[in-house]
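Encoded as structure tokens, the structure appears first; notes follow it.
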Amino acid sequence: MTTEVLEKTVATMNKPEAKSVPITVAYGDGIGPEIMKATLSVLKKAGASLEIEEIEIGEKVYQKGHLSGIETYAWDSLRKTRVFLKAPITTPQGGGFKSLNVTIRKMLGLYANVRPCISYHPFVSTKHPKMDVTIIRENEEDLYAGIEHQQTDEVFQCLKLISKPGTEKIVWYAFEYAKAYNRKKVTCFTKDNIMKMTDGIFHKIFDEVGAEYPEIAKEHMIVDIGAARLADTPEIFDVIVMPNLYGDILSDVAAQITGSVGLAGSANIGDSFAMFEAIHGSAPLIAGKGIANPSGLLLGAVQMLVHIGQNDIAEKIQNAWLKTLEDGIHTEDIFKEGISKSKVGTNEFTDAVIERLGQMPRMFRPADYSMSVGDFNIKVTPTKPAIKELIGVDVFLHHTDRNPESLAQLIKDLDVSGLTLTMITNRGTKVWPDGFPETFCTDHWRCRFKNDMKNGVSYQAVIDLLQRIQHRKLNVIKTENLYLMDGQQVFTAGQGQ
Ligand code: NAD
């Protein structure tokens, strides 16, 4: 889109006396345009003071040949407004396309994804009448680094990256959020019994930061039992913080069990940018049918209004929306005979919310954004470089003979500057020495060469070792250096080692 076109699409929806806040809006794909139109009409009627710049992202942009799904003018708009209201977009599957959602979150440093999941009993059917859980999901790291490779005929790899500063930011955010919104408990989900280093650091930082908040209860759960309890007894949770992938999956579960995935909004918060959306996707199967529930995006927009300081309008909209639910005016996804009064489409639901602007809910607690949340105190500990000593190398090989013993025979006499073969694993499980014949082996091997005296080795020794492996016609896929950092071993043992 050119600048002229962009200028033409700038629309103002402002109260004459209020200062308009520039925001960027994308209508998205699938049900996106329907629910965005609905959301903007509620914002307008409620008196939100916004200066809207429209951008086009997603499917149409991918089809024009932009693999990222977004063009330069759109980044320029985002950089200018720093506030983005985004409808869901479709991510083409495969074919080199990257998820635009992930790209935007990462490029703009939106590290915190905040997803309140609340049940609206008795007006919306749910098995969990007392649920009020906010999921705070790390938004930039983990497996969403998107670094993937096919390494052999049989094995594919995705790197899970967790950083200390990234974890500190999300954990501080979760506790600051809990404090600001008067929440009583923060729970952390990880899988650090298995991923001792990546999820391990997340858990450790949770414990350290949590100690700074004596007034807030803290607990940690392994993500599998945590997920089971969330699905079964969500009322025992308050705020939950977790790494990216677990948070992505479990916030959908949490939203769905409140009654519908269509009921939850989401805020993506960074140091200087923020993006607001529904938690659900573009729902292509119901696109164009006029039946989508606009509530998720509308509640995302309510979070946006609070973010830009239009708290009174945020309350007005949320209260009208709560009253609409109480009046039994429900879209198909939450309609239930005996509870709901009328089944409506997107437009009728929107009109019903607009009609109720200025009304308060009778039973639900009214929205209250009068408290001043203030700035969150997010601390990142400066990184103190450790003393790093190279003591070995894991060499990954593509080798089709499935017999570990014969592979060991090919490389166990290699001894370069004290680097000797100490272990071979297949998919992480030790298969040499003393492997089990029952262990299934693929064509992907990790061969650990270490100086057994734990003396340091030189990078040149690693290069010499690789050269000698190459001379034996073995196919090296990659290497991982083995370090001591400040004297501590910073790599894991093989399973069964
Ligand atoms: P989805 O969330 O679009 O749909 C899941 C189910 O929920 C479907 O049955 C759908 O009909 C229903 N649903 C979702 N939103 C609804 C609403 N507002 N009202 C009524 N019913 C609703 O998930 P999906 O089908 O896995 O993904 C579809 C596309 O959306 C994919 O291309 C995916 O990549 C993309 N996606 C985008 C975002 C985003 O833009 N933030 C998030 C998730 C998925």
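The values are calculated or read from the model by the stated rules, or taken from the named source; none is laboratory data. It should be emphasised that the depicted structure is a prediction, and the values quoted were computed from it without experimental measurement. Heads up, the Cβs are rebuilt from the backbone with ideal geometry, glycines too, and the neighbour counts pull from every protein chain shown. To get the accessible areas, we keep the full protein, side chains included, count just its heavy atoms, and leave off ligands, DNA and RNA. Shrake-Rupley method; radii C 1.70, N 1.55, O 1.52, S 1.80 Å.
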Report task. Quick one: in the range 454-497, of everything that is of a type in the set (Lys, Arg) and part of a loop (DSSP other than H, G, I, E, B), which residue is surrounded by the fewest Cβ atoms within 10 Å (Cβ to Cβ)? Result -> LYS473
Query raised in the report: Residues in the range 293-300: is at least one over 19 Å from the mean Cα position of the chain (by Cα), within 16 Å of the ligand (Cβ to nearest atom) and under 26 Å from ALA180 (Cβ atoms)?
Result: yes
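This table checks each residue for (1) modelled with pLDDT under 95; (2) within 12 Å of the ligand (Cβ to nearest atom); (3) aliphatic (A, V, I, L, M); (4) assigned by TED's automatic domain parsing to the domain that holds GLY166.
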{"residue": "ILE70", "(1), (2), (3), (4)": "yes, no, yes, yes"}
{"residue": "PRO92", "(1), (2), (3), (4)": "yes, yes, no, yes"}
{"residue": "GLY96", "(1), (2), (3), (4)": "yes, no, no, yes"}
{"residue": "THR103", "(1), (2), (3), (4)": "yes, yes, no, yes"}
{"residue": "LYS106", "(1), (2), (3), (4)": "yes, no, no, yes"}
Report summary line: Apart from one, (1) part of a helix (DSSP H, G or I); (2) buried (at least 22 other Cβ atoms within 10 Å of the Cβ); (3) over 21 Å from the mean Cα position of the chain (by Cα) all hold for PHE123; the odd one out is (1)
Query raised in the report: How many residues are in a strand (DSSP E or B) and within 15 Å of the ligand (Cβ to nearest atom) if we restrict to the range 72-90?
Result: 3
Requested in this report: Out of GLY288, GLY281, report the one residue that is part of a loop (DSSP other than H, G, I, E, B), touching a residue at least 12 places away in the same chain (Cβ under 8 Å) and more than 9 Å from the ligand (Cβ to nearest atom).
Outcome: GLY288
**Report entry** Filter pass, THR439 being open to solvent by 30 Å² or more (accessible area, probe 1.4 Å), outside any strand (DSSP E or B) and in the same structural domain as HIS398 (by TED's automatic domain parsing)
**Finding:** yes
Report task. Collect the residues in the range 322-348 that are touching a residue at least 24 places away in the same chain (Cβ under 8 Å), away from the ligand (no atom under 16 Å from the Cβ) and in a loop (DSSP other than H, G, I, E, B), keeping them in residue-number order. Result -> ASP327, GLY328, ILE339
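Rundown of residues vs (1) touching a Pro at 6+ places or on another chain (Cβ under 7 Å); (2) at pLDDT 95 or above; (3) farther than 23 Å from ASP333 by Cα, yes/no style:
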residue: PHE202; (1), (2), (3): yes, yes, yes
residue: ALA211; (1), (2), (3): no, yes, yes
residue: PRO234; (1), (2), (3): no, yes, no
residue: SER260; (1), (2), (3): no, no, no
Query raised in the report: Which pairs do you get when a residue that is on the phi > 0 side of the Ramachandran plot, found in the range 82-95, comes within reach of a residue that is modelled with pLDDT of 95 or more and open to solvent by 10 Å² or more (accessible area, probe 1.4 Å), reach meaning Cβ atoms under 8 angstrom, with the pair 6+ apart or on two chains?
Result: ARG82/PHE273
Query raised in the report: From LEU390, LEU407, which residue is surrounded by 12 or more Cβ atoms within 10 Å (Cβ to Cβ), part of a helix (DSSP H, G or I) and not small (Gly, Ala, Ser)?
Result: LEU407
Report task. Please enumerate the residues belonging to the range 257-278 that are of a type outside the set (A, V, I, L, M, F, W, C) and more than 10 Å from the ligand (Cβ to nearest atom). Result -> THR258, GLY259, GLY265, GLY270, ASP271, SER272
Query raised in the report: Out of (1) crowded, with 22+ Cβ neighbours inside 10 Å; (2) over 29 Å from THR81 (Cα atoms); (3) out of contact with any strand residue (DSSP E or B) (no Cβ under 7 Å at 6 or more places or on another chain); (4) of a type in the set (S, T, N, Q), the odd one out for SER282 is which?
Result: (2)
Query raised in the report: ASN319 passes all but one of (1) open to solvent by 30 Å² or more (accessible area, probe 1.4 Å); (2) away from the ligand (no atom under 14 Å from the Cβ); which number fails?
Result: (1)
Query - Flag if ASP132 is without any contact (Cβ under 8 Å) to a residue 24 or more places away in the chain, charged (D, E, K, R) and either farther than 30 Å from PRO361 by Cβ or away from the ligand (no atom under 11 Å from the Cβ) (or both) - result: no
Query raised in the report: Taking the range 236-258, which residues are polar (S, T, N, Q), at pLDDT 95 or above and more than 23 Å from LEU100 (Cα to Cα)?
Result: none
Query raised in the report: From the residues in the range 11-68 that are outside any helix (DSSP H, G or I) and under 12 Å from PRO88 (Cβ atoms), which one is modelled with the lowest pLDDT?
Result: GLY58
Query raised in the report: Within the range 352-371, is there a residue that is outside any helix (DSSP H, G or I) and either under 30 Å from ILE469 (Cα atoms) or of a type in the set (Val, Ile, Thr) (or both)?
Result: no
